[in-house]
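A.B. asks: Below are the structure tokens for one structure; questions will follow.
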Amino acid sequence: MTTLASINKTAFDAIAGAISGVIQTVVFSYETQSVYDPSTSTWGVTTTTITGRGVLDTRKPIADLFPDYVAGPSEKLIWIEGITTPPQEGWMVNFNGADYTVTRVLDVLDAHEAFYVVVK
């Protein structure tokens, strides 16, 4: 059975094979509360990372995907492949060596296999 994930992977592999440097590693990270330490009265923090691949989409207007959102001039749209956990607004993301914050997420077909994210 063909899945969105397999189509997405095939497309990313083809792009990477045809045009070097376009497909980039993307690393999402977020923090969650962990164990409470009664001796210090503080909660620990656990950082989780999720790694996939991304390509910067400079052609599609952000408003086409997020019509209720007005993107700022420094925001970027990235197509994501290779992860199954939907990114969340507020997560940090490293893309092409730069750090950003996720401001919007679109789970393509609600399949948890391909995502558009807006970052700033």
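FYI, it's all coordinate maths here, none of it is from the lab. Everything numeric in this text was worked out from a predicted model, so none of it was measured. Cβ coordinates were reconstructed from backbone atoms using ideal geometry, including for glycine residues, and neighbour counts include every protein chain displayed.
A.B. asks: How big is D, in µm² s⁻¹, for the chain by Stokes-Einstein at 10 °C and 1.306 mPa s if Rh is the Kirkwood radius over C-alpha pairs? Intermediate values should be presented prior to the final figure.
C.D. replies: Numbers: Rh = 15.6 Å.
After rounding, the answer is 102 µm²/s.
A.B. asks: How tilted is helix 4-18 with respect to the longest principal axis of the chain? Cα atoms for both, answer in degrees (0 to 90, nearest 10).
C.D. replies: For 4-18 against the chain, the angle is about 70 degrees.
A.B. asks: With the convex hull built on the Cα atoms of segment 1-56, state its orientation-averaged projected area in nm².
C.D. replies: On the way: hull surface 24.6 nm².
If I average the Cα hull's projected area over directions, I get 6.2 nm².
A.B. asks: Take TYR36, TYR30 and order them by how many other Cβ atoms sit within 10 Å, fewest up front.
C.D. replies: Details: TYR36 10, TYR30 17.
Taking fewest neighbouring Cβ atoms as first place, the list is TYR36, TYR30.
A.B. asks: Among VAL55, VAL93, VAL70, which one moves the most in a GNM of the chain with springs linking Cα atoms closer than 10 Å?
C.D. replies: VAL70
A.B. asks: Once every DSSP H run of n ≥ 4 in the chain is given -39500 (n - 2.57) and the sum is divided by its residues, what mean residue ellipticity at 222 nm do you get, rounded to the nearest 500 deg cm²/dmol?
C.D. replies: Computed mean residue ellipticity for the chain: -4500 deg cm²/dmol.
A.B. asks: Could you give the length gained by full extension between VAL22 and LEU109, i.e. 0.36 nm per residue of separation minus their alpha carbon distance, to one decimal place? Write out the running numbers ahead of the final one.
C.D. replies: Working: separation 87, 0.36 × 87 = 31.32 nm, distance 2.41 nm.
Stretched fully, the VAL22-LEU109 segment lengthens by 28.9 nm.
A.B. asks: Another question about this same structure. Sticking with the crude label model, points 7 Å out along Cα→Cβ, report the distance from THR2 to GLU31 in nm, one decimal please.
C.D. replies: Taking the simple label geometry, THR2 and GLU31 are separated by 4.4 nm.
A.B. asks: Which of PHE12, PHE115 comes first, and how do the rest follow, when ranked by fewest Cβ neighbours within 10 Å?
C.D. replies: Working: PHE12 21, PHE115 25.
With the fewest neighbours first, PHE12, PHE115 line up as PHE12, PHE115.
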